[in-house]
Amino acid sequence: MVRHSFAAGLAALTVALSSSIALAQTEVTWWHAMGGELGTKLEEIAAGFNASQSDYVVTPVFKGSYAETLTAAIAAFRANEQPAIVQVFEVGTGTMMAAKGAVYPVYQLMADNNQPWDPAGFLAPVTGYYSDTDGNILSMPFNSSTPIMYYNKDVFEAAGLDREVAPKTWAEVEEFSKKIVESGAASCGFTSGWVSWIQTENLSAIHDLPYGTLQNGFGGLATEFTFNGETQARHWDNLAKWSKEGLFRYGGPAGGADAPPLFYTGDCAIYMNSSASRAGVIANAAGFEVGFAPLPYYDDVIAEPKNSIIGGATLWVLNGKSAEEYAGAAAFFTYLSQPQVQADWHQFTGYLPITNAAFELGQSQGYYEANPGSDIAIEQITRGTPSDNSKGIRFGNLTQARDVIDQEFEAVLAGSKTGQEGVDAAVARGNEILREFEAANQ
Amino acid sequence: MQTKRTIFPNMWLPYGLLAPQLAITLVFFIWPALQAVKSSFEREDPFGFKTTFIWFANYSKLLADPMYLNALWRTLIFAVLVTVIAMGVSLVLAVAVNRLLRSGRVYTTLLVWPYAVAPVVAGILWWFMFNPSIGILSYVLGQMGVTWNHRVNADQAMILIVLAASWKQISYNFLFFVAGLQSVPASLSEAAAIDGAGPFKRFWTIVVPLLSPTTFFLLIVNINYAMFDTFGVVDATTSGGPAQSTNILVYKVYADGFLGLNIGSSAAQSVLLMLIVIVLTVVQFRFVERRVQY
């Protein structure tokens, strides 16, 4: 009996010891919005960091879509249950920047924890987006993307087109789509994810047209939308017309959940979506060869198209956690900015390389030669000199403004509004949302 | 008749017995409702750092917003359609099953199954069947010459959420109708049959009046269901689109508050929604209940 209880005591002691070892590792919670192939890769990165040292454990938690993750983080913050790190899409940047008491700026976090931090090492179009007016980076760039065009080379050939030549202008997109549909090679010409991001925000940037006042919102809260120009209205009209003619198929609001299957099944020959769709496209386009190309433009509006603007997300650190957790977050960010980690993530997913070193590493590895088209996104976002109109956009409550754009676009698509009426209504309703944001954050 | 009333001498016992129920009602219903009323007079940033009292600004903005008034109208159409379809279909099914002696139980079990499905799952199911690019039913409709695309077509989107929401509620109504039908004494129908009344006459003059308490109860439950419980269905099938054509009030509360983070406006909407349902229920009890025979 004595022996027995001694053994039990020993067992209890062992358990207590091993659990205290586990306790010595600080847990850093990381909420993210990466599902599917991207989520698996993200978990690999966290596991890589956890294996590289023994002080911290980064625990990734999938929280649903970008909008859901942001909402969950805000609700958690209000309940004092927030994670240390949360992935917020670029649309939420205005909201996060305005929430000064909630956010631990990354440049400060890195300095406080003596971690190396060189803003110049990051890709300029990305960091400009996430810096305050003094040039300090507020959130950790992680997965930035830009929309590009994917096309089905086999369908192009079946339609009598050159399989290596993608349409450059919108006129060519229309012409190619007609050929594709008329020849019966596919039932639709093209589809697109993210009408708000790709067919409105990026369309404006590429054509050097203002999206809003005050340098597209970078200059302050008193900004107003101005994307109701002639070109944007004409483009919406065109999309509605092409939709009626069967050349374009609408993929749904927000990210456009119906767009990817339309391309994967070969129903649509051309597909415009984030460069980060690359992983999904490669995984799903098993039966045909995929071509990659920059987004089309109207050559009668601009001769040399400007750079496209980014999407994707950054990692924000939230206030109210312990010093150890912040040390862990800072160490994790250092790990994340290593060229090997970045290059691996970028090459697998199609997101932009966040640091110049990661891009150079890819070049020296010969990755871009071996994978033609994989550098389209980088070339497109770094082409020319960015103007105030193509530097990016930053508006508060942009999530709601994008919903409004989807709604008005659907009205144009259904034929109940003209393109001009649609963009005018979207601007008017969007401005109300901006005023609401301004009032709440003054 | 009042002579049998028992009077308990203990003053506190009834209050003590009621206390748990009252506490739950207070904590889970009254307190949140008061919070909503409070929030509806405020403007707050998403993180909750700063709150400003703004009187009726949230309400006046809503009532001046044509989008909100549209949503009101759509909700009305939606609620009427869901109530009529869910109750009508389940009554027909209940009458059919009630006539079966042997296999009635099997049918009852099968018909009750959909009720076990969560609203979001039900929504996904219908979304999947009618998905314009991969749905089986949209494909079948396409073969029959009907182009189904609820992403663009507002009427189709409305049909979709009405179908999904009604389907989910039919099981519940069915159970109550079956129970109601079984409590109708067979002797009444037999007597009427002997007097020469046909099946429709018997149903209309005997079964319908005796079912009226059940029908009245279901009417209120179904209207409340359509007004409050359908947000999961809408979220999973159409997310309120296209162009807000299926954005019913309860979904708008969710979308503006939880997705748009505009808590003030969302609270004002839920207060208005609460008022609408209270008024509806009072009207039903005052005017419809008179025609109910217990």
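How big is the antiparallel share of DSSP beta bridges in the protein assembly as shown, given as a percent to the nearest 5?
Values: 27 of 44 bridges.
The antiparallel fraction comes to roughly 60 percent.
How large is Rg/Rh for segment A:271-370, to two decimals, with Cα atoms and a Kirkwood Rh?
1.07
So what's the net charge close to B:Gln182: Lys and Arg +1, Asp and Glu -1, counting the other residues with Cβ under 13 Å from its Cβ?
+2
With Cβ to Cβ distances under 12 Å as the rule, what net charge do the other residues near A:Tyr297 carry (K, R +1; D, E -1)?
Its environment carries a net charge of -2.
What is the ratio of the Cα radius of gyration of segment B:157-261 to 2.2 N^0.38 Å, with N the residue count, to two decimals?
So the Cα radius of gyration is 1.53 times the expected 2.2 N^0.38 Å.
For segment B:1-77, what are the per-bin percents of Cα-Cα distances with bins 5 Å wide, up to the bin holding the maximum?
3, 11, 10, 11, 13, 12, 9, 7, 7, 6, 7, 3, 0
Give the Rg/Rh ratio for segment A:47-139, taking Rg as the radius of gyration of the Cα atoms and Rh as the Kirkwood radius, to two decimals.
Ratio value, two decimals: 0.97.
So if R0 is 41 Å, what FRET efficiency would B:Ala33 and A:Thr265 give, r being the distance between their Cβ atoms, rounded to the nearest 0.05?
Computed FRET efficiency for B:Ala33 and A:Thr265: 0.25.
May I ask you to compute the full-extension gain from B:Asn224 to B:Val120, defined as 0.36 nm times their residue separation minus their alpha-carbon distance, rounded to one decimal in nm?
35.7 nm
Using only the Cα atoms, what convex hull volume per residue in Å³ does the protein assembly as shown have?
Considering the Cα atoms of the protein assembly as shown, their hull volume per residue is 261 Å³.
Could you give the distance between the Cα centres of segment B:134-173 and segment A:412-434, to the whole Å?
Answer, in whole Å: 27.
Please find the FRET efficiency linking A:Thr418 to B:Val84, where r is the Cβ-Cβ separation and R0 is fixed at 35 Å, and quote it to the nearest 0.05.
Rounded to the nearest 0.05, the efficiency is 0.45.
I need the semi-axes of the equivalent ellipsoid of segment B:53-291: take the C-alpha gyration tensor, multiply each eigenvalue by 5, square-root it, list largest first in whole angstrom.
They are 37, 25, 14 Å, listed from largest to smallest.
Project the alpha carbons of segment A:304-442 onto their principal axes and report the range along each, largest first, in whole Å.
Cα extents, longest axis first: 52, 46, 28 Å.
Quick check for you: which residues of segment A:224-249 have the amide N under 19 Å from the point 7 Å beyond the Cα of A:Glu175 toward its beta carbon?
A:238-239, A:242, A:247-248
What nm distance separates the two modelled labels at A:Ile282 and A:Ala428, each placed 7 Å from Cα along Cα→Cβ?
4.8
In a shell of Cβ-Cβ distance under 12 Å around A:Phe359, excluding A:Phe359 itself, what net charge do Lys and Arg (+1) and Asp and Glu (-1) give?
It works out to a net charge of -3.
For segment A:346-391, compute the orientation-averaged projected area of the C-alpha convex hull (one quarter of its surface), in nm².
Computed as one quarter of the Cα hull surface, the answer is 3.6 nm².
Identify, among B:Pro185, B:Asn173, A:Leu42, the residue whose Cα sits farthest towards the positive end of the charge dipole of the protein assembly as shown, taking +1 on the Cβ of Lys and Arg and -1 on the Cβ of Asp and Glu, with the dipole about the Cα centre.
Comparing the listed Cα positions along the dipole, B:Pro185 ranks first.
Could you pull out which residues in segment A:197-225 have an amide N less than 13 Å from a spot 7 Å beyond the Cα of A:Arg435, following the Cα-Cβ vector?
Counting backbone N atoms under 13 Å from the label point, the list is A:223-225.
With r defined as the distance between the Cβ atoms of A:Thr213 and B:Thr25 and R0 fixed at 51 Å, what FRET efficiency is calculated, to the nearest 0.05?
0.50
Over chain B, with a Gaussian network built from C-alpha contacts below 10 Å, which listed residue (B:Ala154, B:Ala86, B:Ala186) shows the highest mean-square fluctuation?
Fluctuation is largest for B:Ala186.
Restrict the search to segment A:111-188; then list the GluC sites (Glu not before Pro) that DSSP places in a loop and that have at most 14 other Cβ atoms within 10 Å of their Cβ.
Those satisfying the criteria are A:Glu164.
Post the alpha-carbon centroid distance, segment A:175-234 to segment A:42-84, in whole angstrom.
Here the two parts' Cα centres lie 33 Å apart.
Between B:Lys50 and A:Thr133, what is the label-point separation in nm under the 7 Å Cα-to-beta-carbon projection?
1.5
Each reported figure results from applying straightforward, stated rules to the coordinates on display, with no laboratory input. Quantities reported herein were computed from a predicted structural model and do not represent experimental measurements. A quick note on method: Cβ atoms are made from the backbone with ideal geometry, for glycine too, and the neighbour counts reach across all protein chains shown.
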